[in-house]
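See structure below.
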Amino acid sequence: MGLFWNILLWGAIIWMWAHHGKEKMRREQEARRRNAGYLRDVILEGFGKMLGFISKSDGHISEPEVNVASKCLRSLGLSEDEYQVCVRAFNSVRAYSLSAFNAYASQFASIVTGEARTLVYEMLWMVAAADGVLDAKENELLGHAVGSLNIDPTLYLYFKRMYFGVGGGGAGGFRNEESELDKAYSRLGCSPSDTDDAVRSAYRKLAMRYHPDRLKAEGVPEGMIAQATRSMAEINAAWEAVRKERHL
């Protein structure tokens, strides 16, 4: 076989190899896009459903709960289409079901990072606290959610103290009866009787959990990073108040 034909043959082989490589890459990219779209829909639907279950756990949905749930969704910086996916999922919840909530929460937890799961758990508490009363079913759901979302179980008592006061009571308005210093301790998940070392440890743990740079490294959506930034500002302010009171 002459030189010309050898060159032509090798050229054809190289072309086919390159074409095959490009086609394989195209198929992989398309599969990733489809998978990303599927995961996005699962995340959005799961989040909307979870907000719906916590809102309906007390037998009805109040206007404050709807407003807080909407605010939580808007805080994530969703597009209008993504927001509507969540709203439809929220509205599709007809009645409280702990087993259904756990199923959606577990699926959600299998996809998103631990930091994102913690932020979503806090949003569930925000909705529960919208009317100032911690209903028995709300308490049941929030207690089980630490398991189904696979998050630190100590967060249950931390958020209960934070949103419903030192006693974690359910009486409307009880949270507002606390002093500013009590609220600062609640935000840190501590009490005035805790040691200085315990308070410092609680603050450092929260700072690691909510630090925006850490969340960015985990690929958390921008809206959740913004929410974490706000939470981090509250945590820092609470620590400063407690630190001054204790002369640390």
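At 10 °C and 1.306 mPa s, grab the translational diffusion coefficient of the stretch 104-162 from Stokes-Einstein with a Kirkwood Rh over Cα pairs, rounded to a whole number in µm² per second.
Details: Rh = 11.5 Å.
Using the Kirkwood radius from Cα pairs, D works out to 138 µm²/s.
If a/c stays under 1.5 just call it rounded; otherwise compare a/b with b/c (prolate if a/b is bigger, oblate if not). Do that for the stretch 52-140, with a ≥ b ≥ c from the square roots of the Cα gyration tensor eigenvalues.
Details: a/c = 1.41, a/b = 1.18, b/c = 1.19.
The shape class here is rounded.
Give me the net charge of Ala89's neighbourhood, meaning all other residues with Cβ under 9 Å from the Cβ of Ala89; Lys, Arg count +1, Asp, Glu -1. Please list the in-between numbers first.
Working: positive: Lys49, Arg88; negative: Glu45.
Net charge around Ala89: +1.
Could you work out the local net charge near Asp58, counting Lys and Arg as +1, Asp and Glu as -1, over the other residues with Cβ closer than 14 Å to its Cβ? Show your work: numbers first, answer last.
Details: positive: Lys56, Lys137; negative: Glu63, Glu65, Asp131, Asp135, Glu138, Glu140.
Every neighbour counted, the sum reads -4.
Only the coordinates and a few stated rules stand behind these numbers; no lab work does. This one's a predicted model, so the numbers in the text were calculated from it and none came from an experiment. Positions of Cβ are generated from backbone atoms using ideal geometry, with glycine treated the same way; all protein chains shown enter the neighbour counts.
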